[in-house]
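The values are calculated or read from the model by the stated rules, or taken from the named source; none is laboratory data. The structure displayed is predicted, hence computed values, not measured ones. Cβ placement follows ideal geometry from the backbone for every residue including glycine, while neighbour counts extend to all protein chains displayed.
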Amino acid sequence: MKSRPLLLAALVAACGGGEAEQCEVGTAQQAVLAEDRYILGVGGAYPADGMLRGRERELYRSQAARREAAWQTVAKVLAPVALGQPLPNAPKETIPLWQTWYAKDDTTRLFRYLFEALSPQERDGHARFSQGEIDDALGWNATELESLVNWPLERRDAYLAAVDTSEKVSALGGTGLVAYSPSALRNLLRSYPEILLCLRSGAPDAFVDTPGQSSQQAVREPIHLTSCGTRNMGPFYVSEGESLVASLSGDGVPDAQIALYSESTGERTTCDGAKECSVSTTGAVYVDITAGVDDLDGAVQVDYLTPDAPWAACLEESFANDSVVVKANWSRAQFGQMLPVFDTSAEGLLATFDNNRVDGWGTPTQEADPGPDAIYTIERPNGNRYRLTGLHIMSKELEHWQWTTLWWSDSPDSDFGEDRPNSIDALGGPWGQYKMCTVTMFDEGDDDPSGGFGDSAPSLAAALEAVHGGAGAPSWCSNPYIEDGPGNMATNCIGCHQHGGTELLSETIIGDDQNFPEFGRTQLRNNFPHDYSWAPAAGDELGLEFKAIIDFFE
């Protein structure tokens, strides 16, 4: 893959299966350091839409509905959340939700902490970490700084006081390439036995005919109820043939009650003094938890059970409904470095497609030098400044995930930014400068080339028509700042990610038309070893990181 000299963190092939490339001028990725995690606190949970999975067919058939849902996802990922520690001199004490999430360094630090706490026998048997143990580890990770001898109170206070600009606050999340929401992180940590097994034996076959039962966590949250207190959750959409299971763990469970209410049938299933309760129905289901005479102090978990072929054979189970993985692309904002500007209008896209196989997104139309008011900018303690040029967002609210990507533009209100809702502009700062595309399936289900935007957003309609291959043809979504290299302009993210967990290279997937048609965009598997994630076996290579830690203790 060729690299542009301006980009810092990574110019990753269509979905990020390859290694991150570094720019010619700049530094490598900057991890979330212990002092920054101390300020950030525990990563914030993604507020998943439990009913979105019930709209999967609608999203497939409607580009407009798909984009509306994607903008809502973007608004949640970018939503400002409070920092874990107060900053006496900062002009703001919030940071976008995704920047509180966990990068590779957090993940390996947490794994080492958890694995070291196991007994020798548990280490030998690769015992799975409990959810409670992970809870404790996340709390330790956020306060580790307090136990480091080289960070006395005076040094900590000085560090907090030095974060005195908006750009320095924004830099607390580091300049890492990939970040995992707390729910995604949990699955990766708990799945280390399966990840190691597949690392040794290789990925399973692409198609599996043996029936089995797939499990997917919808949500897991702490629950604290006083005597007779009630907690209401949902709605959760249950598809035909599925079961919804709600379970409790912790103190006071035998005295508690779980009730499941089906909106479609009006029936209420009550489980007294039980650790779990299940219902098989179709439509919206609400979960009510009521404490008994004793206080309830623990966690509530809601899962989907589906008779299906094995889905995530190299994980404990598929990623939970509130799992999100983001990939950020940063560019140096110093030394006179300019940003390339790409033309994503209908005319620009048509011209780019002609040269896609050789040049990818090709030569930018011009260059720009946007300031912090026009592009999200961060400044590290060493004075290095970076700009966020692109952000991939893969969210698990849908079975095959929702694939959304943002890119900076000097004309943000045209084509792929023309339908940007007020909720994004209301976030303030530079977020109104980013355009967006999204897919939810391998093929395009909307038979209207304009996506229904002919009247409301004509430049968006024209751009969508330029990349529309017809209903049933492969879908399209590509980021000019991230999908660099031959063939990458004509990708859709989901096609490449389906092979996550295999030894395939992204260059092979995109460049081998005979075995991976349409630049790898078509579905070729029903078994997704790591549930569309490259992280355990490529990219961050978490499996090798886990193995190195285990080998150290052995």
In segment 128-165, which residue that is part of a loop (DSSP other than H, G, I, E, B) and without any contact (Cβ under 8 Å) to a residue 60 or more places away in the chain is farthest from T377 (Cα to Cα)? S130
Which condition from (1) surrounded by fewer than 16 Cβ atoms within 10 Å (Cβ to Cβ); (2) assigned to a loop (DSSP other than H, G, I, E, B) is the one that L87 breaks? (1)
From the set of residues in segment 127-163 that are out of contact with any Ser or Thr (no Cβ under 9 Å at 6 or more places or on another chain) and among the aromatic types (F, W, Y), which is surrounded by the fewest Cβ atoms within 10 Å (Cβ to Cβ)? W151
I289 - would you say it is free of Cβ contacts under 8 Å to residues at least 40 places away in the same chain, hydrophobic (A, V, I, L, M, F, W, C) and either surrounded by 19 or more Cβ atoms within 10 Å (Cβ to Cβ) or in the same structural domain as T508 (by TED's automatic domain parsing) (or both)? no
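If you check K168, K92, which single one turns out to be in a loop (DSSP other than H, G, I, E, B) and at negative phi? Show your work before the answer.
Working: K168 fails: in a loop (DSSP other than H, G, I, E, B).
Among K168, K92, only K92 is in a loop (DSSP other than H, G, I, E, B) and at negative phi.
Residues checked against (1) under 25 Å from the mean Cα position of the chain (by Cα); (2) on the phi > 0 side of the Ramachandran plot; (3) of a type in the set (V, I, T); (4) assigned by TED's automatic domain parsing to the domain that holds L398:
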residue	(1), (2), (3), (4)
Q257	no, no, no, no
S262	no, no, no, no
D294	no, no, no, no
V326	yes, no, yes, yes
S331	yes, no, no, yes
P340	no, no, no, yes
D359	no, no, no, yes
For the condition within 30 Å of Y304 (Cβ to Cβ), part of a strand (DSSP E or B) and either assigned by TED's automatic domain parsing to the domain that holds A70 or touching a residue at least 24 places away in the same chain (Cβ under 8 Å) (or both), what is the one hit in T438, T389? T438
Go through segment 455-554 and tell me which helices (runs of 4 or more DSSP H), entirely inside it, have 1 or more residues that are in the same structural domain as Y434 (by TED's automatic domain parsing), under 29 Å from Y192 (Cβ atoms) and of a type in the set (G, A, S). 494-497, 506-511, 517-520, 542-553
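Out of curiosity, is W330 part of a loop (DSSP other than H, G, I, E, B) and within 27 Å of T73 (Cα to Cα)?
Numbers: part of a loop (DSSP other than H, G, I, E, B): no; within 27 Å of T73 (Cα to Cα): yes.
It is false that W330 is part of a loop (DSSP other than H, G, I, E, B) and within 27 Å of T73 (Cα to Cα).
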